[in-house]
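Have a look at the structure below before the remarks.
The values are calculated or read from the model by the stated rules, or taken from the named source; none is laboratory data. Quantities reported herein were computed from a predicted structural model and do not represent experimental measurements. Please note: Cβ atoms are built from the backbone with ideal geometry, for glycine as well, and neighbour counts cover all protein chains shown. Quick note on the areas: whole protein, heavy atoms, side chains included, nothing else; ligands and nucleic acids left out. Shrake-Rupley method; radii C 1.70, N 1.55, O 1.52, S 1.80 Å.
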Amino acid sequence: MMSKREDLQQSYCEKYGMFCDKCQYDEASFWERLKLKFHLFLCGGCREYSKKNTHLSKAIRNAELSTLTPEEQENFKQMLQNNLLEIRVNEE
């Protein structure tokens, strides 16, 4: 069972985790960024979270991801449905 101090620390870290996420997407206010910087100075766990979060965000930005066109989505959906139907028929 966690002590009150550990509970309070976890609560603060969850709050600052949200600030960290908002900073990654330029959605944090000036005060949220300032509070986060101070918290990161004191909290090694949140510093590590922030470091990993930054690395993940950079990887996603550099991944050159694309989405399927509506036609490709429909074709994929149809293929999955056909495969499921074939599996069900083979099971009987």
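Annotations for the structure displayed:
- Residue-averaged 222 nm ellipticity for the chain, from DSSP H runs of 4+ at -39500 (n - 2.57), nearest 500: -27500 deg cm²/dmol
- From most to least packed by mean Cβ count within 10 Å, the peptides 44-53, 25-34, 58-67 give 44-53, 25-34, 58-67.
- Neighbours of His55, meaning other residues whose beta-carbon lies under 12 angstrom from its beta-carbon, give a summed charge of +3 when Lys and Arg score +1 and Asp and Glu score -1.
- Additional length obtainable on full extension of the chain from Gln81 to Glu14, 0.36 nm per residue less Cα span: 20.0 nm
- What a 1.4 Å probe finds exposed on the chain is 57% carbon and sulfur by accessible area, rounded to a whole percent.
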